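A short write-up of the structure that comes next.
The values are calculated or read from the model by the stated rules, or taken from the named source; none is laboratory data. These figures come from a predicted structure and were not determined experimentally. Please note: Cβ atoms are built from the backbone with ideal geometry, for glycine as well, and neighbour counts cover all protein chains shown.
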Amino acid sequence: MGLGSNLGNPRENLLTALQYLESRGKVKALSSFYETDPLGYEDQPPFCNAVCAYRTGDSPRRLLEFLKWIEKRMGRRPTFRNGPRVVDLDILLWEGCTLSGEGLEIPHPRMHERAFVLVPFREIAPRAMHPLEKKTIQELAASVDSRGVRLIPRELSFSLAKDVQQESPETPFALSRVGIKGVRRHIRLNSPGCSLFDASMDLFVHLPSHRSGVHMSRFAEDLEELAQEIASERVPNLETLGERLALRIAQTQQSALSEVCLRVNYPLRKKTPISAKDVEELYSFLGYAASDGVEVRTVVGVEVDGFTACPCARNMNEEYARHLLEKEGYSPKEAARIAGILPLASHNQRGRGTLLVGTREKIGAEQLVHLVEMSMSSEVYGLLKRPDEFFVVHKGHQRPRFVEDVVREMGRNLLEIYPELGEEDFVLFRQENFESIHKHNAFAERSALVGDLRRELASGISSGCSPSLESWLLDFPGFFRKAMP
């Protein structure tokens, strides 16, 4: 399909026409824009021309009606032959089709003579065959005079006097994070069963005191370029994607430090505990990366929902049961034995556990999901038949745990299940309970180096101040000396 315009803002007109085209079909390829000298009537502005490949379910005549509607909708009015126009849309070739009559000819009757058609056409489909001329577009383009067809550069038509972001700000102090949040992309991971995932990303750099700002568009540009690089391959894991992004952003933004935060919704197949129903559960996989332009540090982990039963409420109900039994004549020993046998109520709440690990050891995110679930009172499922519901509720109330207990269980389980973790590896355990009878949430967290946590677990003596996620990620040699001139 050929597109042309020479009134108003021609490039903007072509882009608007393409947007209209997308509402009823799919633009599969688009040439560059070319400025072309007018033909037939020369006392008018030069044209902007392009050619696109378009996929449609419409017939040729229905498509022609749609093109005429677009031209009218954009303000084209009847004029003389070869006169100026807001937009001109022409069907050039139709795969496997020739047509003549009633105001529509395919192929377009003059396309093989027009350089402003053949030059952009050659750019996207040089081997396309003209069904009547029996020549390729490449051959036809070589046979016409194309001196009046000039490629329009994509940059601004005027030069910017200065780069505002590189100037000194009025208030010269550094900013620890500047960037973009909530970028959504589909990414491919080398994961069994499922490879395409919906990811949310936050991308930041450190901004020194002598720079006014960063180039926000470059974050998205880096992301798009990297996405194209890895389009033909599956990224091995989330940390690899984070490493590539963090390193690229630090280099392209010329920053002493970059940070990347990734969140991926990840489906896991599970079976319900009693009915053995096959269900798909969604979990959040998390990735953090930071780079000084040379080295990269990464932390990966999971965010998992489960539930906890309150030990305090359960203990109070047990004490009350023993009191009632003793009032009915049971001895204290008998009352304690009966209260220990009967299931007892407690208030419970859905909880969200987070486990993050900074290590070079290969630990699967799926394994971390199970580790977090086993640290709560019970896991939860999207589908629960009545036997499953009884199992989950009974299991949870047999293992009542505070938020503090869950965090400590995560720590102990991780250290004992993965003894290969290094002394300088980083871990973070977090639990938030969405309380059912309180108007607040309960929260607990611990971050530490693995070596410090091992020694504390063995001795019961705290190692003192622990590194935060941010301080461990940003612990590059000489960073603060470079970043804070």
**Asked** Do we have T136 as surrounded by fewer than 18 Cβ atoms within 10 Å (Cβ to Cβ), assigned by TED's automatic domain parsing to the domain that holds L63 and touching a Lys or Arg at 6+ places or on another chain (Cβ under 6 Å) here?
**Response** yes
**Prompt:** Could you say whether any residue in region 330-345 is without any contact (Cβ under 8 Å) to a residue 24 or more places away in the chain, closer than 24 Å to H438 by Cα and of a type in the set (A, V, I, L, M)?
**Reply:** no
**Request:** Could you tell me whether L118 is aliphatic (A, V, I, L, M), in a loop (DSSP other than H, G, I, E, B) and within 14 Å of M1 (Cα to Cα)?
**Result:** no
**Message:** Within region 362-390, take every residue that is surrounded by 18 or more Cβ atoms within 10 Å (Cβ to Cβ) and in a helix (DSSP H, G or I) and give me the one that is modelled with the lowest pLDDT.
**Reply:** A365
**Request:** Scan region 39-94 residue by residue and report those that are without any contact (Cβ under 8 Å) to a residue 60 or more places away in the chain, assigned to a loop (DSSP other than H, G, I, E, B) and under 18 Å from P109 (Cα atoms).
**Result:** G40, R81, N82, L93
**Request:** Test E295 against the stated conditions and say whether it is closer than 30 Å to I363 by Cα and acidic (D, E).
**Result:** yes
**Asked** For region 223-258, how many residues are modelled with pLDDT of 70 or more and touching a helix residue (DSSP H, G or I) at 6+ places or on another chain (Cβ under 7 Å)?
**Response** 9
**Request:** Would you check if L457 is over 28 Å from the mean Cα position of the chain (by Cα), surrounded by fewer than 19 Cβ atoms within 10 Å (Cβ to Cβ) and over 27 Å from L268 (Cα atoms)?
**Result:** yes
**From R408, R352, residue being at pLDDT 90 or above and outside any helix (DSSP H, G or I)** = R352
**Prompt:** Only one of L39, L14, L30, L64 is surrounded by 14 or more Cβ atoms within 10 Å (Cβ to Cβ), at pLDDT below 90 and of a type in the set (A, V, I, L, M); which?
**Reply:** L39
**Asked** What number goes with the only condition from (1) modelled with pLDDT under 90; (2) more than 30 Å from N190 (Cβ to Cβ) that L325 does not pass?
**Response** (1)
**Prompt:** In region 406-417, which residue that is farther than 14 Å from L356 by Cβ and hydrophobic (A, V, I, L, M, F, W, C) is surrounded by the most Cβ atoms within 10 Å (Cβ to Cβ)?
**Reply:** V406
**Request:** Say whether the condition of being under 38 Å from the mean Cα position of the chain (by Cα) and among the hydrophobic types (A, V, I, L, M, F, W, C) is met by at least one residue in region 34-46.
**Result:** no
**Asked** Across region 418-441, what is the number of residues that are among the hydrophobic types (A, V, I, L, M, F, W, C) and surrounded by fewer than 18 Cβ atoms within 10 Å (Cβ to Cβ)?
**Response** 2
